[in-house]
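Some notes on the structure that comes next.
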Amino acid sequence: MLKLAKLAALVMATAFLAGPAFSADKTAATVNGVAIPQARVDAMVKEATSQGQPDSPDLHKAVLDRLINIEILSQEAAKKGLDKQPETAAQMELARQSTLAGAYLQDYAKDHPVSEDAIKQEYENLKTKLGSSEYRVAHILVATEEEAKAVEAQLKKKAKFETLAKEKSMDPGSKQNGGELGWHVPTDFVEPFADAMTHLKKGQVSDPVKTQYGFHIIKLLDVRNLAVPPFEQVRDNLKQRLQQQSVQKLIADLRKNAKIEGTQAQ
């Protein structure tokens, strides 16, 4: 089953692509007597432009051509009875449910808009969470405390941190760079790692630090002041985050009140 956040993001993507209702009376084209509503063309154009495509006559034509092709193929599929196949019917039902879920969330978002005050408060929370410094850090990740102590002993004997990282570290993303992870704020890491990192002085190496990933030997390479982006630069992202949080809470509340049965229901 999809995790709650992923489910919310998936349905949000459908909900916020939708806009004001279009007239269902206008027909863009007909295929063997079956009408393709202009509303369907407009909705697909809106989706395309929301993803960065410029609105143009060529885009409208391409969308209409695609819908005509889909209508022709779907008619042929129905002639062969493919719409009655269990797998196809299940996919069609899922599409129907997804459309309804998107419409419900669009309606919910309209009735529960994110206020400007809430966005500004989220910005202040972000600044507090990020702090005033960011850290350039490296680490050597091993599986056991015994291995970590062995690495620590080698470092005390003046072995090079970068060399040991390439030889010993289990982290494939950093070991070839001598263990370097780049610039980060503390909240980028799990708490034991972040706590150890922020208590180091520049050039200092930590004792072994245990996390759910294993045991880390951490080296602080540098520290600098953190420049938080201005509010207007991050406003839209913060608004989207609050919308997603609102949807996650909505879905969680609805799940609490729903009767869900089955051993795999979570």
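Taken together, the criteria place D207 among residues that are closer than 29 Å to G131 by Cβ and in a loop (DSSP other than H, G, I, E, B). Name the one entry in E71, E76, E47 that is farther than 19 Å from T27 by Cβ, over 29 Å from the mean Cα position of the chain (by Cα) and assigned to a helix (DSSP H, G or I). After ruling out the rest, the residue left standing is E76. Contact map, segment 196-215: first residue within 13 Å of L141 (Cβ to Cβ) and without any contact (Cβ under 8 Å) to a residue 24 or more places away in the chain, second residue among the hydrophobic types (A, V, I, L, M, F, W, C) and in a loop (DSSP other than H, G, I, E, B), Cβ cut-off under 9 Å, separation 6 or more or different chains; pairs are S206/L200; T211/F189; T211/V190; Q212/V190. Candidates are the residues of segment 79-99 that are within 33 Å of the chain's Cα centre (by Cα) and of a type in the set (G, A, S); the one that is nearest to A35 (Cα to Cα) is A95.
Contact map, segment 114-136: first residue of a type in the set (D, E, K, R), second residue in a strand (DSSP E or B), Cβ cut-off under 7 Å, separation 6 or more or different chains; pairs are E134/W183; E134/H184; E134/R224; R136/G182; R136/W183; R136/L221; R136/D222. If you check A153, A109, A103, A148 for being at pLDDT 95 or above, surrounded by 11 or more Cβ atoms within 10 Å (Cβ to Cβ) and small (G, A, S), only one passes: A148.
None of N225, N257 is over 21 Å from the mean Cα position of the chain (by Cα), surrounded by fewer than 13 Cβ atoms within 10 Å (Cβ to Cβ), within 24 Å of W183 (Cα to Cα) and modelled with pLDDT under 95 except N225. Just to verify a result, which residue in segment 114-131, among those that are loosely packed, with under 12 Cβ neighbours inside 10 Å and not basic (K, R), is modelled with the lowest pLDDT? My answer is T128. The set of residues in segment 28-47 being surrounded by fewer than 17 Cβ atoms within 10 Å (Cβ to Cβ) and either over 20 Å from K61 (Cβ atoms) or at pLDDT 95 or above (or both) consists of A29, T30, V31, N32, G33, V34, A35. Being surrounded by 17 or more Cβ atoms within 10 Å (Cβ to Cβ) and either outside any helix (DSSP H, G or I) or acidic (D, E) (or both) is a description that applies to L200.
The values are calculated or read from the model by the stated rules, or taken from the named source; none is laboratory data. Because the structure is a prediction, the values reported are computed rather than measured. Counting neighbours? That spans all protein chains shown, and the Cβs are built from the backbone with ideal geometry, glycine included.
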